Amino acid sequence: MMPAAARELAAHDAVHARGIMARYRLWLALAILVLVIHIPFFQLPYFWDELGQFVPAALDILRDGAWVPHSAVPNSHAPGVMAYLALVWRIFGYSIPVTRVAMLLLAGSAAFFTSLLASHLCQGLGRIPVFSATLLLLLDPLFYMQSMLAQLDMPAMLFTLVALLLFLEDRHTSAALACTALVLAKETGAVLPLVLVIALLLDPERRRCAVYYLAPFAILAAWFLALKSATGHLFGDAGYTAYNITYSLHPVRAGFSLLRHIYYLFIADFRWIGALPVVLAWSRTRIYAGRAWTIVWCFLAAHLATVSFLGGAELERYLLPGLPLVYIAMGAAWMTVAPLWRNLGIAATAAGLVAGLFINPPYPFPFENNLALVDFVRLHRAAAEFLEDNYADQAIYTAWPLTQALRNPDFGYVNGGLMTVETSDLHFSTLNALPPDKVQVLVLYSRSWAPAWGVLNFAPVRQFLARFYQYERQMNAAEVRQHFGLVPVRRWDQRGQWIEVYARP
């Protein structure tokens, strides 16, 4: 007969193996789910920063071995995500569907690690917090859209979750490696190892592990030195540095950015329904007491401050690394209320998130936050096909990113590159300064969300944006005809967005 010790070891191994298989099945299920719900968009051409920065930088690595991009503006973003895409393209060939699937596999992994971190943080609270946190993340319009985009913030979210989970499990070598991957995905991820180092230095039993977390900073410093050597600028480009540091640190812009990000994380898209029990649980219970939750809240606050004070664009996608933590906190808080209110709260929040995928707010917002991105891309693809058919031999005046989409067939809009002249924007003052006789074809389009019922119809709002954000109205059709002598030849409209082509009569 097998000795008792051997039987116990075998039983332990069997339980461990079943646990691994259960986790693998969960990852596979979430990865397949994320892929399936994005099938309609596998062929969707690239959007905005994808075609303006990240895809060109990845193609530079693939085709030229250039780690500092030359087809896009070099900047502080480390090349981790671009190298990942270049590797995937090297194996499977370059195409838009391959890019979408590569990013969606990372997104499925992020949903998986959200469930694991929720299970760790909500021990003793049952499975509902794990289920609700994962469900709400999958339904979140920002996560849904960013999951398929070749950008940095969703991968940064993935490595943030991995690093936090490993750190809380006291697997510090692995956690430090995850933090290194995090800063290679996005440089602002350095906030996490900084928080973790401080937490370790304050913990006498774990203090010696703090040295492991110097690795991410060493890697980041090496990247910045390589950038300076290649470009002469520590962060790659003087204009990029000014916009993302000097411009964004203006007190009014920084303060408004912080308020905007707090609003998005805890109020927008009916998140306030889940945020309310978090506030009540914080004030009435000790559900968030303990070292693990303290570290989570400190990181969330530090990350929120970092992305609010740095980064001139103030994009909501910068919040992605903290978004799963908010949903995990909501899941824990719902366990402190009656089952009826818990179920209603989860259902109402889920419904609000789904609605946010389709319904645009009354104020300007990045189209990449919901399905407005799809409207934007489809409008531009339709216009690009029309321009290629009718004006392939003429220079087309318009603003970035449409200029980039028209020049390069790699981005999914045209079969052959068109001639374009890029204007800095489509403002009246910008276009009015162009020589009228040189412009034969002009394309105007909605670069920001400005519906007839939106807040931009209020003069104080426009004055505030003009003073602090360089807002100016675009040139209209009558002004185009008066200044350039051009007439509208084709217009497309879709859910409040539009694009219009003007040419000589």
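For this structure, a couple of remarks:
- Nearest-0.05 FRET efficiency for residue 394 and residue 338, computed from C-beta distance (R0 56 Å): 0.25
- Mean Cβ neighbour count within 10 Å, used as a protection proxy, ranking 59-71, 464-476 highest first: 59-71, 464-476
- The 3J(HN,Hα) values that the Karplus relation (6.51, -1.76, 1.60; θ = phi - 60°) gives for region 252-266 are, in residue order, 5, 5, 5, x, 5, 4, 4, 4, 4, 5, 4, 4, 5, 5, 10 Hz. Gly and Pro appear as x.
- The simple spin-label model puts a point 7 Å past each Cα toward its Cβ; for residue 101 and residue 302 those points are separated by 3.8 nm.
- Placing pseudo-labels 7 Å out from each Cα toward the beta carbon at residue 262 and residue 276 gives an inter-label distance of 1.9 nm.
- Using bins of 5 Å that start at zero, the share of Cα-Cα pairs per bin across region 12-141 amounts to 2, 10, 15, 17, 16, 13, 11, 9, 5, 2, 0, in whole %.
- Per-peptide average of other Cβ atoms within 10 Å, ordering 374-382, 242-250 highest first: 374-382, 242-250
- C-alpha center-to-center spacing [region 12-89, region 214-288] in angstrom: 22 Å
- Segment residue 479-residue 309, length gained on full extension (0.36 nm per residue, minus Cα span): 57.4 nm
- Couplings 3J(HN,Hα) of region 326-335, computed from phi: 5, 5, 5, 4, 5, x, 5, 5, 5, 6 Hz, in residue order, whole Hz [Karplus 6.51 cos²θ - 1.76 cosθ + 1.60, θ = phi - 60°; x for Gly and Pro].
- Kirkwood Rh, Cα atoms: Rg over Rh of region 176-279: 1.08
- Contour minus Cα-Cα distance for residue 207 and residue 354 (0.36 nm per residue): 48.5 nm
- Of all DSSP-defined beta bridges confined to the chain, some 70% are antiparallel rather than parallel.
- Calculated [θ] (222 nm, deg cm²/dmol) that DSSP helices of n ≥ 4 give over the chain, each run adding -39,500 (n - 2.57): -18500 deg cm²/dmol
- Close amide H contacts of residue 66 (hydrogens built in the peptide plane, cut-off under 5 Å, sequence separation of 5 or more or a different chain): 61.
- For region 369-503, the percent of C-alpha pairs falling in each 10 Å distance bin, counted from 0 to the bin holding the largest distance, reads 12, 41, 36, 11, 1.
- Distance between the 7 Å Cα→Cβ label points at residue 83 and residue 214: 2.2 nm.
- Karplus-derived HN-Hα couplings along region 376-387 (A = 6.51, B = -1.76, C = 1.60, θ = phi - 60°), whole Hz, x at Gly and Pro: 4, 5, 5, 4, 5, 5, 4, 5, 4, 5, 5, 5
- Mean-position separation - Cα centroids, region 156-171 and region 289-354, in angstrom: 16 Å
- The tail of the calculated P(r) for region 455-501, taken as Cα-Cα distances beyond 13 Å, holds 68 percent of the pairs.
- Rg/Rg_globular for the chain, with Rg_globular taken as 2.2 N^0.38 Å and Rg from C-alpha atoms: 1.05
- Cβ-to-Cβ counts within 10 Å put 438, 228 in ascending order as 438, 228, the fewest first.
- Under-5 Å amide H pairs with residue 490, H placed in peptide plane, nonlocal only: 501
- Extension gain for residue 63 to residue 292 (0.36 nm times residue separation, less C-alpha to C-alpha distance): 78.0 nm.
Quick note: the coordinates plus some simple rules give every number you see, no bench work behind them. All values derive from a computational prediction rather than experimental measurement. Ideal geometry is used to build each Cβ from the backbone, glycine not excepted, and the neighbour counts take in all protein chains shown.
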